[in-house]
Amino acid sequence: MSAVLSPVLTGLPAALPAAAVDGGAADFSQDVFWVWLLKAVGILVFLLLSVLIAIWFERRVVGRMQLRPGPNVHGPFGLFQSLADAMKLLLKEDMTVKAADKVVYIVAPFIAVFCSLLTYAVIPFGPEVSIFGVVTPLQLTDFPVAVLYILACASVGVYGIVLGGWSSNSTYPLLGAVRSTAQVISYELAMGLSLVSVFILAGSMSTSEIVGSQTTLWWLIPLAPAFVIYVISMVGETNRLPFDLPEAEGELVGGYTTEYSSMKFAWFFLAEYINMLNVSAVATTLFFGGWRAPWPLSAINDGMFNTGWWPLLWFVAKVWLFMFLFVWIRGTLLRFRYDQFMKFGWKVLIPAALVWLVCVAVVQGVRQFAEVELDTLMFVLAGVIVAIVLVSFLIPEKKPEPEPDRSDEPFDAFAGGFPVPPLPGQTLPPSPRALRRQAQAPASPALVGGPAAGASDEGDAPESPTQEVPRG
């Protein structure tokens, strides 16, 4: 505990006063209509181009991890492969399920992609720059609860998945949609709790002010446990391996996208990759200093690399660092089982996020409202945690009840509702067909081992045990 909180001693006293006094809030007072329009179009183009590059990037990286070249035919290094796949989806025949709810079936993909496009509106790409003579922040807009706006957009976006699976009027899409609901409830709660500790230290939920509060210390360092919880939750939030249970191509045909084709499927596909960029941008903004240059670049020439258009480069580089993390996880881990997935979300992530949040709130509260040295506070917290761990070792574990010996019991392959093979030591009972044959065997004159009934000893006895007795 003390090792985790030790950076708080050095970084927080310098970082918090700057966040409380200046705040670093973006100033949009000089913006005009055409600047807003230019920023919005720039964000849209950035997201669409990033998705095309992300698809190629993922296939190339996973290919290298699996000792394959990946896309390498269309264009230099296969860069045009994503463009060819997009054109294929655009020109592919558009099928519509006859039994589907037509309106909801068509609107669902648009809900998913529209909500995914809203997040970058409050993400700061950089500080104030001059765009055709107008000094404006590299951010479309910002407000005091910008992070809550991001969480709201992510929550509403799942309605596209749920409605898409329900409106298809098919079993597998509906099952995939129900799984997506459980996934969002489980992992968005842990994600939100991991972000609350950032709000406590930064003193704001505005994205520009959170970036401004990380001038001397990135929140990744003092809030490392919250960052780990967020990274795990963002993988589950975006339906990526090992948490891609709503889709799960191997077991659910295609999940909620089973009955979609052509551009309607492309919208869902686009929303998934944009959501990856969204959560990567949130992690960059809240934990990795946003658009600020990493040390020691930030210390060169009084921070010259934190001014002008340089911060845009650092922001994009940090986002793609998280995109590589997504691909790395996909090429490494296997899909969770559904019960493991739910257990991990509710019994591990959420309790861990709550415990960490309480620790951060206690430290921050004591710093502001009590005259207690942080060294003393850290030792007290560490002692409490060690005491809890020791008490947990003293609590006896509940021993499982011994299973009854079932070796003498007849094995029932259908006891659990579906057929299962016998375990070692178990024997399958004879099948009903074999029992019927045994019951009919004495009454049948076909195969006998001795003289047939009513036959004389001289002429009608069979020559071999399997010879058929003459009839007639």
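The values are calculated or read from the model by the stated rules, or taken from the named source; none is laboratory data. Since the structure is predicted, the reported quantities are computational estimates derived from the model, not experimental observations. Here Cβ is always computed from backbone atoms with ideal geometry, including for glycine, and neighbour counts include all displayed protein chains. Each accessible area value is taken on the protein alone, full model and side chains, heavy atoms only, with ligands, DNA and RNA left out. Shrake-Rupley method; radii C 1.70, N 1.55, O 1.52, S 1.80 Å.
Quick look at the numbers
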| item | result |
| --- | --- |
| Simple label model, 7 Å out from Cα along Cβ direction - Val355 to Leu37, nm | 5.5 nm |
| Prolate/oblate/rounded label for the stretch 63-114 (Cα gyration tensor, a/c 1.5) | prolate |
| Prolate/oblate/rounded call for the stretch 283-426, Cα gyration tensor, a/c under 1.5 rounded | oblate |
| Gain on full stretching of the segment that runs from Arg68 to Leu44 - 0.36 nm per residue minus C-alpha separation | 5.4 nm |
| Relative packing of peptides 418-428, 82-92, 284-294, 114-124 - highest average C-beta neighbours within 10 Å first | 284-294, 114-124, 82-92, 418-428 |
| Value of D in µm² per second that Stokes-Einstein yields for the stretch 311-390, Kirkwood Rh from Cα pairs, at 20 °C (1.002 mPa s) | 129 µm²/s |
| Estimated FRET transfer efficiency (Arg437, Lys343; beta-carbon r; R0 45 Å; 0.05) | 0.40 |
| Rounded accessible area of Thr258 (nearest 10 Å², 1.4 Å probe) | 50 Å² |
| Count of Lys pairs (Cα-Cα under 24 Å; at least 8 positions apart or interchain) in the stretch 260-399 | 4 |
| Accessible-area value, Tyr338, 1.4 Å probe, nucleic acids and ligands omitted, Å² | 80 Å² |
| Order by protection proxy (mean Cβ within 10 Å, highest first), peptides 302-315, 232-245 | 232-245, 302-315 |
| Largest to smallest accessible area among Glu58, Glu209, Glu397, Glu371 [probe 1.4 Å] | Glu371, Glu397, Glu209, Glu58 |
| Amide proton proximity set for Gly126, modelled H, under 5 Å, gap of 5+ | Leu138 |
| Euclidean distance between Cα centres, the stretch 272-292 to the stretch 122-195, Å | 12 Å |
| Cα gyration tensor, the stretch 217-320 - rounded (a/c under 1.5), prolate or oblate | oblate |
| Cβ-derived FRET efficiency at R0 45 Å, Thr307 paired with Phe110, nearest 0.05 | 0.70 |
